[in-house]
Structure formats: structure tokens, C-alpha cells
Amino acid sequence: MTLRLDVVTIFPDYLAPLELSLIGRARREGLLEVHVHDLRDWTADRHRTVDDTPYGGGAGMVMRPEPWGAALDEVCRSAPGRTPHLVVPGPGGDPFTQATAHRLATQDWLVFVCGRYEGIDERVFEEFGARYPLSVLSLGDYVLNGGEVAVLAMTEAVARLVPGVIGNEASLDEESHTGGLLEYPVYTKPPVWRGREVPPVLLSGHHGQIAAWRQKQRLERTARRRPDLLEGYLDGQGGTAAAEG
Ligand SMILES: Nc1ncccc1[N+](=O)[O-]
């Protein structure tokens, strides 16, 4: 079944890049179905108000529950036979990792809820979290002004895992975070550039030596930049990988 993505946002133009390149072609080829909705279409007042002052005081504005309720009631019923998995990007969410991307890529329908301002009235999450699977996910420990940028990142990470979306599936196997290590350095022509040579092993034609060199590079690079990942990888390998060097 084609993966369907719906996005509800007050800045639909922010999601225009989903029309381009990888995602755009996948949509045209029917591998993906993407619908972007303007939350303001579900407001009832002349000013199309989506926010209001926070109960309990404090700075900023909170997104009102009524427009979200009306929007998600309609959007979550727009694909009979499918169950929507709601995804709420937010700085307080569970970490969005490559494993998360793989998990979401197995769903057949993701509905992204893009909050702005200081967030969305909590009762929206209670209401829809009681009816559908709902995940609050974060790209990282920093604060963006809203969920749209995160949705672009998450949809790209998920969509490229859908079979057929990227031409060369083999390249998915050796990327960063596949298998728990960072990727090895890559080189192409010319063999010498500004006096800098390509590592000779890569020109040797010895595939076993090349694979060993690449694995060593992945371990060294991960140890240097992401020791946290290395720990997880070694646990998975029973801690022998480091000993092998
Ligand atoms: N970090 C974030 N800040 C605001 C909205 C969403 C976010 N995120 O990472 O998904």
C-alpha cells in the first residue's frame, strides 16, 4: 500500500519542497501520496484565528483546540481503511533516529501535526492520542519556531526508505547510522587533487582489504565523533569489535 503523508500546518508554503526532486518524483510515480492542509481552513471566525493567550499566564500564544479538533477529525477520516499514525514534531519529543524513520516507513499513513508559537493546547493530544497512535518526536535538543522544518526532515528520512523512492537501494545499506556506525570517507577521480592522494587501498582492487579499511574508518570516525553510538554498536557486537581494531 502506498505510504500516505498528510501535514496540517498554518504555513503550507513551508512544505513546498515536498514537491521537489526525490519526494516530488516519488509522488508522481505513485510511491507516495502527500497532502498538505492549511489549519486556518478549519477556523470559523473572520480573522481565521488559530491561537490565544495561555491560561495561567506566561509569554507567547497557544494554539486553540477547536481548529485542530475540526482539522484532525476530517483529515484522520479522509482515507477509509487506513489508520492514521499522528506525528507531532516537538523539542520535548522522543528522539527521531534512523530507527524511528524505519519504524514510520512501515506505516501506511502518517499525519504530521505542525505546531507553532508556544505549542498546541494539550487536550488536542489527549483527544486524538485516545483515538489513534500518536508520537511526539524531536530532531534534537534545540528549539525551532514550529514543526514544519522538522516535518521536512522527517518526511525525507522516512520517504527515502520506501522501496523505489531512491534509485539505488544499495546506498541505503552503507550510510551513516545503518548498523550503528557513521559512514566511511568517500573519494572519486582525480586520483591526486591539489597534491592530496586517494588512500592507495581504494585503488588496489582488493575488495577484502577495501572492506576492512572502510570498517576501520567507520569505527575510528564513530569513536571520534559519536562515542555514544560506538558504545551501542560494541554492545551489539558483544564488545569484540574494538579488540579486533
Ligand atoms: N526542535 C524542535 N523545535 C520545535 C518544533 C519541533 C522540533 N523538533 O525537533 O521536532
Please state the equivalent ellipsoid semi-axes for the chain: what are the square roots of 5 times the Cα gyration tensor eigenvalues, largest first, in whole Å? 42, 21, 17
Going by Cα centres, segment 72-93 and segment 14-55 are how many Å apart? 13 Å
Sorting Leu110, Leu144, Pro200 by the position of each Cα along the dipole of the chain (Lys, Arg +1; Asp, Glu -1; all at Cβ), the one nearest the positive end of that ordering is Pro200
Relative contact order of the chain (C-alpha contacts under 8 Å, at least 6 apart) in percent is 19 percent
Under unit Cβ charges (Lys, Arg +1; Asp, Glu -1), what dipole magnitude, rounded to 20 debye, does the chain have relative to its Cα centre? 960 debye
Hey, with R₀ at 22 Å, roughly what FRET efficiency would Asn145 and Asp45 work out to, going by the Cβ-Cβ distance, to 0.05? 0.40
Tell me which chymotrypsin sites (Phe, Trp or Tyr not before Pro) from segment 104-167 have a DSSP coil assignment and no more than 10 other beta carbons within 10 Å of their own. Tyr142
As a percent rounded to 5, the proportion of antiparallel DSSP bridges among beta bridges in the chain is 15 percent
Rounding to the nearest 10 and keeping the result within 0 to 90°, find how far the Cα-based axis of helix 207-225 lies from the longest principal axis of the chain. 50 degrees
What number, rounded to the nearest 500 deg cm²/dmol, is the helix-based mean residue ellipticity at 222 nm of the chain, given -39500 (n - 2.57) per DSSP H run of at least four residues and division by all its residues? -10000 deg cm²/dmol
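Taken together, the values in this text are just the output of simple stated rules run on the coordinates, not laboratory data. The shown structure was predicted, so the numbers you read here are calculated from the model rather than taken from an experiment. Cβ sites come from the backbone with ideal geometry, for glycine too, and all protein chains shown count toward neighbours.
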